[in-house]
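Step one of this worksheet: look at the structure below.
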Amino acid sequence: MTGMRGLSVFISDIRNCQNKEAERLRVDKELGNIRTCFKNEKVLTPYKKKKYVWKMLYIHMLGYDVDFGHMEAVSLISAPKYPEKQVGYIVTSCLLNENHDFLKLAINTVRNDIIGRNETFQCLALTLVGNIGGRDFAESLAPDVQRLLISSSCRPLVRKKAALCLLRLFRKNPDAINVDGWADRMTQLLDERDLGVLTSSTSLLVALVSNNHEAYSSCLPKCVKILERLARNQDVPQEYTYYGIPSPWLQVKAMRALQYFPTIEDPSTRKSLFEVLQRILMGTDVVKNVNKNNASHAVLFEALSLVIHLDAEKEMMSQCVALLGKFISVREPNIRYLGLENMTRMLMVTDVQDVIKKHQSQIITSLKDPDISIRRRALDLLYGMCDVSNAKDIVEELLQYLSTAEFSMREELSLKAAILAEKFAPDLSWYVDVILQLIDKAGDFVSDDIWFRVVQFVTNNEDLQPYAASKAREYLDKIAIHETMVKVSAYILGEYGHLLARQPGCSASELFNILHEKLPTVSTPTIPILLSTYAKLLMHTQPRDPELEKKVWAVFKKYESCIDVEIQQRAVEYFELSKKGAAFMDVLAEMPKFPERQSSLIKKAEVVEDTADQSAIKLRAQQQPSNALVLADPQPVSGAPPPLKIPNQEPQAAARSISQPNGTSSNIDPQAPSPDLLSDLLGPLAIEAPPGVASTEQHGPTGTEGVPDEVGGSAIVPVGEQTNSVEVIGNIAERFHALCLKDSGVLYEDPYIQIGIKAEWRGHHGRLVLFLGNKSTNPLTSVQALILPPAHLKLELSPVPDTIPPRAQVQSPLEVMNIRPSRDVAVLDFSYKLNTILVGAKLRIPAVLNKFLQPLQLTSEEFFPQWRALSGPPLKLQEVVRGVRPLALPEMANLFNSFRVTICPGLDPNPNNLVASTTFYSESTGAMLCLARIETDPADRTQLRMTVGSGDPTLTFELKEFIKEQLIAIPMGSRALVPAAAAPPPPPVAQPPSPAALADDPGAMLAGLL
Amino acid sequence: MIRFILLQNRQGKTRLAKYYVPLEESEKHKVEYEVHRLVVNRDAKFTNFVEFRTHKVIYRRYAGLFFSVCVDITDNELAYLECIHLFVEILDHFFSNVCELDLVFNFHKVYLILDEFILAGELQETSKRAIIERMSELEKLEDLLLRCFAEFKTTMVMLRFVKGYVEIIILNLFYL
C-alpha cells in the first residue's frame, strides 16, 4: 500500500522508542491526534480515516485500550470504494465483538453487501459475519448466506466463505438452518469438486451432524466417498497436497463427521470405509520430515478415533491398541502425548483396561516427564485406568509425585488421588492413610470436600474410628502441620479420641494440650472446630477431670467475647452446657451417621468440556443406553463401583451436610425441626453405607451380596434397549431402596425428566403423589404411566396427561390399599417421547411391607403375655440368619426403627438381644400386633437368631423374610431389600422351618420359653 | 474450532491477534499475557501442546516468533499444528522470505491473508496457491483504485494548470 506512509512512520516511531514510557507517550500523542481528527469531520477524507483506523488497530494490538473510533471504523464499512470498505470490515472485526451495539448499525450495510452483485464486497461481508456475527445476524442473514453457498453462479471463493459464515450463524442459533430443506442441499454440497468449498462445507457438516445426525444420514456415504477420493485414489490437484499427503485437513474433517453417526449400517459403505481406514492404519510410516510426519499422524490419529468409535472388528481394534501402545513409548513428545490422550479416550468407550495395564510402568514414567503437558495426559490416563487391582500402586505413585509436582497440578492431583482412594480402597484404613498423607503433603491443595469426605467415612464406619483417631494423633506430633490437618485431627479426636484413652499420650488432657498448642497458629474458621473438640473431650472424660475442666473453661471464657460470632456463640454455649451434666452428654453425643451421598468430589472432577461442537466421545457415551444402565447398577464381578454417574440432585449435599462438622450451635437441640441441614444430618441414618464402603464390602470376606444384588439389579431393565437412548441419572435401585425407608424423594431421573414421589400412610391406606417434572426445554409427548399391581395391593393411579410442557411439573396421585401381607412390589411402567426418542423404564413403587407398619412401643407387662400367647410355628417363626453385615447393636436398633419396627429397650435381660414390636395394617388382618426378638452373638456379628411372631401365619413369615433381607442387604447400600416384581415367588429356601428343625435347636426352645 | 490465534515475539509483543469468540478487551490482554507466559519458557524438546484453561494451545516457534492457536480439547492437535506451518509457508511465500519486520510493517496484510485462510475459527482454504492468487487479486484491486485516484489527481492538477494558463492568456489578451 503505497499511500500508507503515515502508518509506516508511526510504526517506525514506536519501534524506535527506547522504553515503555516513551512508547506510551508516542501512542498517547497519536491517539490524541486521531481523536481530534475524528472530531473534525470536514478535514477527514476517506483516506485519512482509513489510515487512522489502521493506526488504531496497531495501537490496540500493542495492548493499549482504544475506547473511541469504533464508530469511525464501522462507518468505513459503508464507504463506496473498496480500500476504505476493506479497512472498515477488517478493523471492525478486530476491534468489536458480537456483543457491541455498534455492530447493529452495520447489519443493513452488511446485508446489502451480501446480496449485492459486487463479489469483493460479498467476500468482505461474509468474512465479517463469519468472524464476529452474533444472533442478530443469524436471524436476519442465514437465508441469504445459504443462497450464496448453493448458488451455481458464485465463484468457489464466495461459496467457501458462505459455508463457514453459515457455520458461525448456525453455532449462534441452531434454528437458523431449517433441517428439512437443508439436508439434501448439504448432501449435494459434498459432491463439490473444489477442495476449498469442500473443506469449508465439511466443517459445516461436522457442526450439523453433531447437533442432529439423523437428519443428515444421507451425508454419511458422501463422507466415505471423500475419504476414498483423498486417501485411496489421491484424486486431488497438486496444490491441495501437503508434503505429498492429499489435504490432511479435509481427511481429518471427514473422519470427524463420521464419528457423529452411531453406526454405519450399509455394508458396502462400511466395507469401503474400513478399507480406507486399514490403509491409513497400516500405511503410515515415520518419516524424517517433521511436517509430513505430523500431517500423516494427524490423519492416523483421527482414523484411530474413528475405528474406536465404530467398534470395529477385533483385529482392527487390537491394531489400534498396539499402535497406541507403541506411541506411548516413543521419544517424540507430540506423538507420545497423543498416544496417552487417545488411550484415555479409548478407555471411555471400550473395555481395554487389561491391555492398557500392561503399559502401566511406561505411563508412570511419563508422569515424571519434564513436560507438563505429557504429565497431565499421563495423570489422566492413570486416573482412567485405575481399578481395584492397581489402585494401591497408582495412588502411591500419585502421592509420591505430589511432593515434586508443580503448584499448577497439585490441586488436580490431590483431587484425583482422593477420588481413586475412595473409589477403589481395598480397605478403609488405607483410604484414611492416603487422605491424611495428602493433607500432610499438599494441604493447601486439598479442598474442604476432601476432608469432609474422610470425616464422613470415619463417622459411618465404626471399625475405622480407633484407627483414624490414632493416625490423627500421630500427625499432631509433627512440628509443623497444615491447618487442614488440624481441622481433621481435631474433629476426629473430638469424636473418637476417647477410644484411644488407654494408649500412652492419648488421655483427654494430653489430647487437649497438644491440640491447644495448635490454636494460636490457626485461622478463624478452624477455631470453632477446636472449641467443639474441647467440649467433646470434656464430655468424654468420665469421671470428670477438674484440671482439664478448668483449662477448657478458661478457653471458653476467653472466646466468650470473640468478635467472630460463630466462635463467640460456641464458646458461650459450650461453657453453659458443660455445667449441665446429662444435657451436655446428650447434646454432644457422637455425631450420627451421614446418609449415603454421591461423592461431591467425583462431581468436581468432571472436566467441563467447552467445545464448539459437542464432542463425539460424549455423544457416543450417551448413545449407549444399555451400557449406561448396566454400569449404573452395581457390578460385583469387576468390582468397580458405579462409574461417574452423578445425580443432579443435591450434588453438594455431602459437603453441605457436613460443612459444620463439629456440632454447631444449630444442632445444640437435635430435635429442632430445622428443615434442611438437620434433616440431612438426622434423617434416616445408618441405613445406607457410603458408596466406598459398598465397593469394598463386595470384596470383603462375607461375600453374600452377590445374589440379592443380582435381583436388585435385574429388576430394572430398560424397556427394549434399542429404544432407550437416555442416560439415567443416579442408580434406580438405590433410589428405590432409599424411598422404602423415607416418604419423599426422587424415584427416577434422566436428563429430561425427574419423577419424584411423596407418600402418606395411614393404616392400610396410602396416598402417593408422583411428581413428573420435565427438565428439558421441549415438551415430552406420549407420556404413559401404567401400574402393574401385585395381588395384595389395590392401586389406583389418576390418569397422567399425554404431554408434559417444557419445564413443567405434573402431579399424579396414586391411591394404595393393602389387602394382605406380602413382600411383592408394584411396578410403574413408564414411558415418554422426546422428539423422536422413546424412553421407557419400569420402576418399582416404594409401597412395601414396612409402609403399612405403625411403630409401637410396648412395656414388659404388655409384651410378655403377647409373646407367650404366640405358641410357635406357624404364628411364631425362628431362624438363624448367617452372613449378616456386622452391625453394632445401636446401629441395628436404628435400622429397625427406620423401618418402623420399634425397639423396646430394657425388656430383654441379655444386653446382646433386641426386642421389638410394631403394628401391621391390612384389609384382611386389620391391625395386627407383631413382635420380634433378635439374639446376637457378640463374638460373631455376622450371624444372629431371629424370632418373629404375629397373629397371622403369612404376616409372620413375610415380616421375618423382610427383616432378614434388611439385615443381609445392608452392605450393598441396601439394594435388595425387596425382591423384584420380576421374581415374585419367594425363593424356596425361605420356607418356614419345620417344627422338627426347631426342636433340634436348643436356642429355639429357650426362646419359646421366654 | 479455533478460539483465537496469536502471533507473539519472545518479548511478548503481539504481532497479530485474532479472536473468533467474543472476549472483552481486558480479557484479551489477559489471554495474550498468559499464553505468552505459557509458551515462552517451554523447552524445544517439549510437545507443541499446552493446556490452557478449558482449552488447548497448539503453538510453534519460528525464530523469535510464537504462533499459537487455541482450540477445543477434542480437536485434532497435529492438524492444527500443521495448519500453523501452512500459514507460515503462505506468509513466507507472500513476503518472499518472511521476517518479523515484514509482519510488523505489513500487519494489515497479515490480517488479510489470515481472513483468506481461516474463517469462523475453521480452515477455509488449504491451497497455498489459491491464497497467494487471491492476495494479488486484492492488491490489484486496491492499486487499480489508487491509480484511478492518482490519475484523477493529475487531471485536476493539469486542469488547474490549464485554467491558470488560460487566465494568463486572457489577461494578456486584455492587456493587448
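Scanning the stretch B:12-27 for residues that are at the interface with another protein chain (Cβ under 7 Å from one of its Cβ atoms), under 14 Å from residue A:96 (Cβ atoms) and either part of a helix (DSSP H, G or I) or among the β-branched types (Val, Ile, Thr) (or both) yields a single hit, B:25.
So that you can scan it fast, the table gives a plain yes or no per residue for (1) surrounded by 21 or more Cβ atoms within 10 Å (Cβ to Cβ); (2) of a type in the set (Gly, Ala, Ser); (3) under 30 Å from residue A:259 (Cβ atoms):
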| position | (1), (2), (3) |
| --- | --- |
| B:61 | no, no, no |
| B:69 | yes, no, yes |
| B:72 | no, no, yes |
| B:80 | yes, no, yes |
| B:92 | no, no, no |
| B:101 | no, no, no |
| B:115 | yes, no, yes |
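Restricting attention to the stretch A:109-121, which residues are more than 20 Å from residue A:176 (Cα to Cα) and within 47 Å of the chain's Cα centre (by Cα)? Passing the criteria: none in range. Reported count of residues in the stretch A:284-337, each being within 21 Å of residue A:371 (Cα to Cα), surrounded by 23 or more Cβ atoms within 10 Å (Cβ to Cβ) and away from chain B (no Cβ under 14 Å), is 1.
Just give me the residues in the stretch A:77-126 being polar (S, T, N, Q) and under 18 Å from residue B:142 (Cα atoms), in sequence order. The answer is A:78, A:86, A:118, A:120, A:122. Here is the figure for the stretch A:57-105: residues that are under 45 Å from the mean Cα position of the chain (by Cα) and open to solvent by less than 40 Å² (accessible area, probe 1.4 Å) total 18. Examine the stretch B:63-71 for a residue that is within 10 Å of chain A (Cβ to nearest Cβ), under 28 Å from residue A:99 (Cβ atoms) and either in contact with an Asp or Glu (Cβ under 8 Å, 6 or more places away or on another chain) or modelled with pLDDT of 95 or more (or both), and state whether such a residue exists. Looking for residues that are within 10 Å of chain A (Cβ to nearest Cβ), under 28 Å from residue A:99 (Cβ atoms) and either in contact with an Asp or Glu (Cβ under 8 Å, 6 or more places away or on another chain) or modelled with pLDDT of 95 or more (or both), one finds at least one in the stretch B:63-71, hence yes.
Search the stretch A:155-214 for residues being touching a Ser or Thr at 6+ places or on another chain (Cβ under 7 Å) and in a loop (DSSP other than H, G, I, E, B), and hand back the single one that is nearest to residue A:124 (Cα to Cα). Selected residue: A:192.
For (1) within 39 Å of the chain's Cα centre (by Cα); (2) open to solvent by less than 30 Å² (accessible area, probe 1.4 Å), each residue gets a yes or a no:
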position	(1), (2)
A:502	no, no
A:517	no, no
A:526	yes, yes
A:533	yes, yes
A:539	no, yes
A:545	no, no
A:549	no, yes
A:587	yes, no
A:599	yes, yes
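Has the stretch B:128-139 got any residue that is open to solvent by 10 Å² or more (accessible area, probe 1.4 Å), within 20 Å of the chain's Cα centre (by Cα) and more than 11 Å from every other protein chain (Cβ to nearest Cβ)? Yes - at least one qualifying residue is present in the stretch B:128-139.
Every residue, every condition in (1) out of contact with any Asp or Glu (no Cβ under 6 Å at 6 or more places or on another chain); (2) touching a residue at least 12 places away in the same chain (Cβ under 8 Å), yes or no:
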| site | (1), (2) |
| --- | --- |
| A:529 | yes, yes |
| A:546 | yes, no |
| A:549 | yes, yes |
| A:557 | yes, yes |
| A:571 | no, yes |
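Which of the residues belonging to the stretch B:38-51 are free of Cβ contacts under 8 Å to residues at least 24 places away in the same chain and either open to solvent by 10 Å² or more (accessible area, probe 1.4 Å) or in a loop (DSSP other than H, G, I, E, B) (or both)? Walk me through how you get there before you give the answer.
Start the filter on the stretch B:38-51 by keeping residues that are free of Cβ contacts under 8 Å to residues at least 24 places away in the same chain, which leaves B:38, B:41-47, B:50-51.
Across the stretch B:38-51, the qualifying residues are B:38, B:41, B:42, B:43, B:44, B:45, B:46, B:47, B:51.
Could you count how many residues in the stretch A:545-592 are of a type in the set (Asp, Glu) and outside any loop (DSSP other than H, G, I, E, B)? Can you show your working first?
If we filter the stretch A:545-592 for residues that are of a type in the set (Asp, Glu), which is where we start, we get A:545, A:547, A:549, A:560, A:564, A:566, A:573, A:576, A:586, A:590.
Of the ones still in play, those that are also outside any loop (DSSP other than H, G, I, E, B) are A:547, A:549, A:566, A:573, A:576, A:586.
Selection size over the stretch A:545-592: 6.
The residue of the stretch A:107-135 that is most open to solvent (accessible area, probe 1.4 Å), among those that are farther than 18 Å from residue B:115 by Cα and away from chain B (no Cβ under 13 Å), is A:117.
Checked against (1) open to solvent by 30 Å² or more (accessible area, probe 1.4 Å); (2) within 45 Å of the chain's Cα centre (by Cα); (3) hydroxyl-bearing (Ser, Thr, Tyr), residue A:922 passes all but condition (1).
This table checks each residue for (1) out of contact with any Pro (no Cβ under 8 Å at 6 or more places or on another chain); (2) modelled with pLDDT of 85 or more; (3) assigned by TED's automatic domain parsing to the domain that holds residue A:949.
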{"site": "A:812", "(1), (2), (3)": "no, no, no"}
{"site": "A:828", "(1), (2), (3)": "yes, yes, no"}
{"site": "A:835", "(1), (2), (3)": "yes, no, no"}
{"site": "A:839", "(1), (2), (3)": "yes, no, no"}
{"site": "A:863", "(1), (2), (3)": "yes, no, yes"}
{"site": "A:866", "(1), (2), (3)": "yes, no, yes"}
{"site": "A:890", "(1), (2), (3)": "yes, no, yes"}
{"site": "A:899", "(1), (2), (3)": "yes, no, yes"}
{"site": "A:908", "(1), (2), (3)": "yes, no, yes"}
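Within the stretch A:237-251, take every residue that is among the polar types (S, T, N, Q) and assigned to a helix (DSSP H, G or I) and give me the one that is surrounded by the most Cβ atoms within 10 Å (Cβ to Cβ).
By that ranking, first place goes to A:251.
All of (1) surrounded by fewer than 14 Cβ atoms within 10 Å (Cβ to Cβ); (2) more than 54 Å from the chain's Cα centre (by Cα) hold for residue A:38 with one exception: (1).
The values are calculated or read from the model by the stated rules, or taken from the named source; none is laboratory data. Predicted, not measured: the structure shown is a model, and the values here were computed from it. All Cβ positions, glycine included, derive from the backbone under ideal geometry; neighbour counts span all protein chains shown. The area values use the complete protein model at the heavy-atom level, side chains included, leaving out ligands, DNA and RNA. Shrake-Rupley method; radii C 1.70, N 1.55, O 1.52, S 1.80 Å.
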